[in-house]
Amino acid sequence: MIQRILVAISIPFFFLLQSCVFTNLKLGDIVPNFMVLIACVYGFFYGEKTGAICGFFCGLLMDIFFSPMLGTNALIIMLIAYISGGFCDLFYAEDIRLPLILITLSDVSYGLMYYIIAFLLRGRLGIAHYLTGVILPEVLYTLLVSLVVYPLLLGTDTLFKRYRIRKEREKQDV
């Protein structure tokens, strides 16, 4: 239950952070992709199902506010978060390398899939420009931001897990 509340609060919070705060902190017209970041991280923390649900709602928010095609971001981010959820069994809180690699690969995958759906299928073939001008700078910016955000999400998750374990022990003792 607490896990669902955490995810439900995080999605609009990070969406507002991405769309309101970081639009003022652009680096060369690039904003970090918090929606891919949290969908990937929650998939990694909680598994495929939770990751896919989180990814769907993250993408849906992006579609509603920013995309001319409804469902594109929802489908892409849901797929990415579902795949990230497959790595749930490899989760070790002390090791930050795997989550950063997953976030990087997820953001690259998002950029490439979005390019294919939004541009390539319409005959726009400027992948080199899109790769160097949009995808790679966004990946780097997202990776830098994830160095701060991931430990915060991990700490919050650990805090809620300890709380849940303590409540379960109290129920067993009674």
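What follows draws every value from the coordinates through simple rules; no lab data is involved. In this text, all values refer to a predicted model and were calculated from it rather than measured experimentally. Cβ coordinates were reconstructed from backbone atoms using ideal geometry, including for glycine residues, and neighbour counts include every protein chain displayed.
The simple spin-label model puts a point 7 Å past each Cα toward its Cβ; for Phe160 and Leu70 those points are separated by 2.9 nm. Note on Phe119/Ile9: beta-carbon distance plugged into 1/(1 + (r/R0)^6) with R0 of 35 Å gives a FRET efficiency of 0.55. The alpha-carbon positions of the range 2-173 define a convex hull whose volume is 112 Å³ per residue.
Think of the chain as having a plus end and a minus end, set by charges on the Cβ of Lys, Arg, Asp and Glu; of Leu120, Val148, Phe15, Phe15 sits farthest toward the positive end of this dipole. Between Gln172 and Lys49, the simple label model (points 7 Å from Cα in the Cβ direction) yields a spacing of 2.2 nm. Rounded to the nearest 10 degrees, the angle from helix 72-85 to the longest Cα principal axis of the chain is 40 degrees. Backbone phi angles across the range 104-118, fed through the Karplus curve with coefficients 6.51, -1.76 and 1.60 (θ = phi - 60°), yield HN-Hα couplings of 4, 5, 5, 5, 5, 4, 4, x, 5, 5, 5, 4, 4, 6, 8 Hz in residue order; Gly and Pro are listed as x.
The Cβ shell under 12 Å around Val134 holds other residues with a net charge of -3, Lys and Arg each +1, Asp and Glu each -1. Name the lysines eligible as straight-distance cross-link partners of Lys171: C-alpha to C-alpha under 29 Å, and not fewer than 8 places from it in the same chain. Hits, sequence-local ones excluded: Lys49, Lys161. Across the range 5-21, coupling constants 3J(HN,Hα) worked out from phi with the 6.51/-1.76/1.60 Karplus curve, θ = phi - 60°, read 5, 4, 5, 5, 7, 5, 4, x, 4, 6, 5, 5, 4, 5, 8, 10, 6 Hz, and Gly and Pro carry x. Rounded to the nearest 20 debye, the dipole magnitude of the range 85-174 is 240 debye, with +1 charges on Lys and Arg beta carbons, -1 on Asp and Glu beta carbons, and the Cα centre as origin.
Full extension of the segment from Leu147 to Ile101, taken as 0.36 nm per residue of separation minus the current Cα-Cα distance, would add 15.4 nm. The dipole here belongs to the range 2-173: it is taken about the Cα centre, uses +1 on the Cβ of Lys and Arg and -1 on the Cβ of Asp and Glu, and is about 300 debye.
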